[in-house]
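Enquirer: Please see the structure below; I have some questions.
Each reported figure results from applying straightforward, stated rules to the coordinates on display, with no laboratory input. Quick caveat: nothing in here was measured; it's all calculated off a predicted structure. Glycine gets a Cβ as well: all are built from the backbone with ideal geometry, and neighbour counts include every protein chain shown.
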Protein chains: 2
Amino acid sequence: MLGLDDIRAAHRRIEPHIRRTPVVSCPAIDALLDAAVFFKCENLQEAGAFKSRGACNVVFSLADAEAARGVVTHSSGNHAAALARAARRRGIPALIVMPENARPMKVDKVRRYGGQITFCKPTLADRERTAARIIQETGATLVHPYDDRRIITGQATAALELLEEVPDLDLVMAPVGGGGLLAGTATAAKEMRPSITVWGAEPTGADDAYRSWKSGTLVPSVNPHTIADGLLTSLGQHNFPIIRARVDDILLVNDPMILDTVHLLHNQADLVVEPSGAVPLAALRENDVALHGKRIGIILSGGNVAIDELPGTVE
Amino acid sequence: MLGLDDIRAAHRRIEPHIRRTPVVSCPAIDALLDAAVFFKCENLQEAGAFKSRGACNVVFSLADAEAARGVVTHSSGNHAAALARAARRRGIPALIVMPENARPMKVDKVRRYGGQITFCKPTLADRERTAARIIQETGATLVHPYDDRRIITGQATAALELLEEVPDLDLVMAPVGGGGLLAGTATAAKEMRPSITVWGAEPTGADDAYRSWKSGTLVPSVNPHTIADGLLTSLGQHNFPIIRARVDDILLVNDPMILDTVHLLHNQADLVVEPSGAVPLAALRENDVALHGKRIGIILSGGNVAIDELPGTVE
């Protein structure tokens, strides 16, 4: 099982390569929830998301010979940009497989960090096939976006920093897609403060982590549909047992409240947060949970959303 | 003349009451300008703008007896919220005069920080008359939003922190409306690093500081019109000589580029910045200035803008 020593070691490893993101609060949101909420602003992390933590932890863990052959991934999202950036900082190739229909903004971002892109058909089978071919040709190391112990340990450093800054939290929350962030957050939080409550939050339209956690069996995500596109992936096999052991509950929330919360964070807290990152706060707003006077830490997982991509709010 | 000792004293005074805002950079914007840009994120400052610095400096400078009678202002913008917040932290009344047509979001914000609002007609004459009446009745201290030595010194602490974090800047920029932020920024920057260049930036539709600086005579703002509504005010009498002495140039920029830059900062840097705060970066984009390889600090003066308030971009 991962422990605090692993997380502290990862933090020392990645510290020169990531940003110590600010923790901010917002009186309007505190009033709305009747609680004190501390946002860990991973939306202001390098490359726009917490993904830089895990990616740097893997890239800077590799032995020199292994690193020299480069790293590969077939994520089209924040992980790809974070991995490209981490690889460039180490001076090694980042070979990124992206579907040919990936959004130009995402493609540009990976290129800007020096990633070498290979386009493939927009199916998981073709992504995996293309990545496998590249690995065979180059000997590069595959870096999974979430289902990897080094990734989990890296992502855990966000909660480590949050609890260093605000040690007396009653509750900490993170969104859950593949589960790397939630598994890491839960590990760091429970190790640093055993009395703390840890909740995951997930869109109702992609509730495989909720169903897995409730049933005790890993349930794959089937036809997920949500505006929180960073949370479409199925829960990872390495993350599931950690989440089962360390997470106290998983809250669900519907898309209209997620979108409304993106607007709330923009308008009241001056924070750009992608829908996936707004899911924990949205879940607190939608579910009838008693929060009176509680001190709540929330990992705002990422920015990376354009104004024009946001449909109008219901507010 | 204000000096670095005054600014450091102000910083010590306000440090417990403000946020040390992060300095962030954005590879996409660096590539666009062919320069290294460091954004001092006062959009993430308490109450959403640098105004908290000056307001706290005044409020915590007052003698106990004076403070006990409260503070007054007739700003309807960020200064009002900042002053209400500062007063509440000191446990004294904040008496805020606001025009009856002020936006509900701004009114709510002042109320949330405990400000006691008196509404008046939306004319400068009625604002001043109402504030004068309150002062006569209560003996409270008027806190001008920008034309006050203690305000200038407080606003200067943003540049102080920026240069502590990034000492080797070639250029530092701030927007100019009443001139408190620019005067403070120029003083801190030139005192800490005499070789630095300091530029102001102003909307073309409210170019009184530009014309005053060029002509050497304080030119009042007449019928200003710009989306950057924080910069509509005329340059203050205390600020003008400081800006004349310390600022190397003032750049102008038109509203479409200001709006486009609000979108750019949102979409590429995950930063919510109100139009006034986007003016320096917009001015660099619009004017044909040689920036190759330069290290540039920009004070992002405030957030405080709702998504729905932003007209569509030309981008």
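Enquirer: Projected onto the charge dipole of the range B:218-315 (+1 at Lys/Arg Cβ, -1 at Asp/Glu Cβ, origin at the Cα centre), which of B:His225, B:Phe240, B:Val289 gives the Cα projection farthest towards the positive end?
Expert: B:Phe240
Enquirer: Something else about it: Would you please report the Å³ per residue occupied by the convex hull of the alpha carbon atoms in the range B:194-244?
Expert: Cα convex hull per residue, to the nearest whole number: 90 Å³.
Enquirer: Using the Karplus curve 6.51 cos²θ - 1.76 cosθ + 1.60 with θ = phi - 60°, work out ³J(HN,Hα) for each residue of the range A:103-118 in order, rounded to whole Hz, and write x for Gly and Pro.
Expert: With the stated coefficients, the range A:103-118 comes to 5, x, 4, 6, 5, 4, 5, 4, 4, 4, 8, x, x, 9, 9, 10 Hz.
Enquirer: Follow-up. What number, rounded to the nearest 500 deg cm²/dmol, is the helix-based mean residue ellipticity at 222 nm of chain B, given -39500 (n - 2.57) per DSSP H run of at least four residues and division by all its residues?
Expert: -13500 deg cm²/dmol
Enquirer: Note the full-extension length gain between A:Thr118 and A:Leu33 as 0.36 nm times their separation in residues minus their Cα-Cα distance, in nm to one decimal.
Expert: 26.0 nm
Enquirer: At 0.36 nm per residue, minus the direct Cα-Cα distance, what do A:Ala65 and A:Ser25 gain on full extension? Give it in nm, one decimal, please.
Expert: 10.0 nm
Enquirer: Continuing with this model, one more query. For each of A:Phe39, A:Phe60, count neighbouring Cβ atoms within 10 Å of the residue's Cβ, then give the residues from fewest to most.
Expert: A:Phe60, A:Phe39
Enquirer: What does the C-alpha gyration tensor say about the overall shape of the range A:161-315? Classify as rounded when a/c is under 1.5, otherwise prolate if a/b is larger than b/c, or oblate.
Expert: Since a/c reaches 1.5 but b/c is at least a/b, the shape of the range A:161-315 is classed as oblate.
Enquirer: Hey, what does the equivalent ellipsoid look like for the range B:61-207, semi-axes from the Cα gyration tensor as sqrt of 5 times each eigenvalue, largest first, whole Å?
Expert: Listed largest to smallest, the semi-axes of the range B:61-207 are 31, 18, 13 Å.
Enquirer: Decide, for the range B:36-86, between rounded, prolate and oblate: order the square roots of the alpha carbon gyration tensor eigenvalues as a ≥ b ≥ c, take rounded if a/c falls under 1.5, and otherwise choose prolate if a/b is larger than b/c, else oblate.
Expert: Because a/c hits 1.5 or more and a/b exceeds b/c, the range B:36-86 counts as prolate.
Enquirer: Report the far tail of the P(r) of the range B:165-221, meaning the percent of Cα-Cα pairs longer than 17 Å.
Expert: Tail of P(r) above 17 Å: 41 percent of Cα pairs.
Enquirer: Which ³J(HN,Hα) values in Hz, rounded to whole numbers, follow from the phi angles of the range B:279-285 under the Karplus curve 6.51 cos²θ - 1.76 cosθ + 1.60, where θ = phi - 60° and Gly and Pro get x?
Expert: Values per residue, Gly and Pro as x: 4, x, 4, 4, 5, 5, 6 Hz.
Enquirer: I'd like the mean, over residues of A:261-271, of how many other protein chain beta carbons sit within 10 Å of each residue's own Cβ.
Expert: Across the residues of A:261-271, the mean count of other-chain Cβ atoms within 10 Å is 5.
Enquirer: Another question, then. Please list 3J(HN,Hα) in residue order for the range A:25-30, calculated via the Karplus relation 6.51 cos²θ - 1.76 cosθ + 1.60 where θ = phi - 60°; whole Hz, with x for glycine and proline.
Expert: Going residue by residue, I get 10, 9, x, 5, 6, 4 Hz, with x marking Gly and Pro.
Enquirer: Placing one identical point scatterer on every Cα of the protein assembly as shown and ignoring solvent, what is log10 I(q)/I(0) from the Debye formula at q = 0.06, 0.08, 0.09, 0.12 Å⁻¹?
Expert: Rounded to two decimals, the profile gives -0.33, -0.58, -0.73, -1.23.
Enquirer: Quick one: how many lysine pairs in chain A have C-alpha atoms under 21 angstrom apart, if they're 8 or more apart or on different chains?
Expert: 9
Enquirer: What percent does the relative contact order of chain B come to when contacts are Cα pairs within less than 8 Å and at least six residues apart?
Expert: 21 percent.
Enquirer: Moving on to the next point. Using only the Cα atoms of chain B, what do you get for the radius of gyration and for Dmax, in Å?
Expert: That works out to 18.3, 57 Å for Rg and Dmax.
Enquirer: Could I ask something else about it? Any chance you could give the angle, 0 to 90 degrees and rounded to 10, that helix A:180-192 forms with the longest Cα principal axis of chain A?
Expert: 60 degrees
Enquirer: Let me ask something else about it. B:Arg12: net charge of surrounding residues, Cβ under 15 Å, Lys/Arg +1, Asp/Glu -1, itself excluded?
Expert: For residues surrounding B:Arg12, the net value is 0.
Enquirer: Binning at 5 Å from 0, report for the range B:52-142 what percent of all alpha-carbon pair distances ends up in each bin.
Expert: 3, 17, 29, 25, 19, 7, 1
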